[in-house]
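The values are calculated or read from the model by the stated rules, or taken from the named source; none is laboratory data. Here the structure is a predicted model, which is why all the values come from computation and not from measurement. All Cβ positions, even for glycine, are placed from backbone atoms using ideal geometry, and neighbour counts span all protein chains on display. Calculation scope for accessible area: heavy atoms of the full protein, side chains included, ligands and nucleic acids excluded. Shrake-Rupley method; radii C 1.70, N 1.55, O 1.52, S 1.80 Å.
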Amino acid sequence: MACFVAPVAEAIVVSVIKKVVEKKEKNIKSNQKEGRKATESYISWGRKLSWLNTMLWGGAFLLMIEHIWYGEIVFYPPFLTEMNSTSEMIQMFHEIAQVGTSMSIFITVVWAVIVVIAETAMKHKSTKIIKAN
Amino acid sequence: MYFIITAFTAIATTTIFYVSSQRTKYKLGTLCLIFWGATLMWFVDHVIAYINEGGEFLEMSFDATLLGLIVVLWGFISWGIFLLIEKFQQKVKTNCKS
């Protein structure tokens, strides 16, 4: 019904965190000497968070299209057709809690796996370049 | 059906991302992630609906197929809008610097 609301909420939070992290990384870069520390990641956290952000916003937008198609979202208040009665509202909140939260968690887990794979790939690439030199 | 169409589009765009030399210029990664986000969300939605209500896992109807095509179209439109905004922001940055 309105399950995309939970991923949208997470996307808003991730967007804020991403802005803060990008600012911090910019400050660190300008103060740091050249070269990468051993404990630093190969891909900036700002970039990694942008992947999660894109999946959440993009997925939520396309899910919203589906909800508009099935008449669950309208372009006038209360915008969600389930807000018209109390019983439907309870069902809607239950779906947001169950389905929406599951979607958010699943996408975050998949993103974490992508981050690990990407970091490992960059590490191997970097090791190969060092060995070649 | 819209889930299958979106999943195939995600796979196709990911393949193009890895094959293309213009991936950074055209932000193909963003396009892939938009479709993968929707695919993963619908996968969870279908699994939970199947567990709770039973019935068919996939809806194979003309309505669902048409929705799939419209969703893919809107995915490409949103990617296009994103590219336009990025280009505009870059132009503003270049003008500010000069």
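Worth a mention:
- Averaging the sequence gap over all C-alpha pairs within less than 8 Å and six or more residues apart, then dividing by the number of residues, gives chain B a relative contact order of 41 percent.
- Average beta carbon contacts from partner chains per residue of B:45-55, 10 Å cutoff: 2
- Scanning chain B for long hydrophobic helices, with DSSP H runs required to stretch 27 angstrom or more by C-alpha along their axis and to average at least -1.0 on the Kyte-Doolittle scale, returns B:28-53, B:62-97.
- Pairs beyond 25 Å (Cα-Cα), from A:Lys23/B:Lys27; A:Lys128/B:Lys87; B:Lys25/B:Lys91; A:Lys29/B:Lys93: A:Lys128/B:Lys87
- Residues A:Val110 and A:Ser85, FRET efficiency given R0 of 45 Å [Cβ-Cβ distance, rounded to 0.05]: 0.80
- A versus B: buried accessible surface, summed, Å² (probe 1.4 Å, to nearest 100): 2100 Å²
- Computing FRET efficiency as 1/(1 + (r/R0)^6) for A:Val16 and B:Ser61, where r is the C-beta to C-beta distance and R0 is 35 Å, gives about 0.30.
- Here the range B:38-98 and the range A:16-31 have alpha carbon centers that stand 29 Å from each other.
- Helical content of chain B, expressed as a calculated mean residue ellipticity at 222 nm, amounts to -29000 deg cm²/dmol (DSSP H runs of 4 or more residues, -39,500 (n - 2.57) each, divided by residue number, nearest 500).
- Averaged over its residues, the protein assembly as shown has an accessible area of 64 Å² per residue, based on protein heavy atoms and a 1.4 Å probe.
- Projected label points at A:Lys26 and B:Ile81, each 7 Å from Cα along the beta carbon direction, are separated by 2.5 nanometres.
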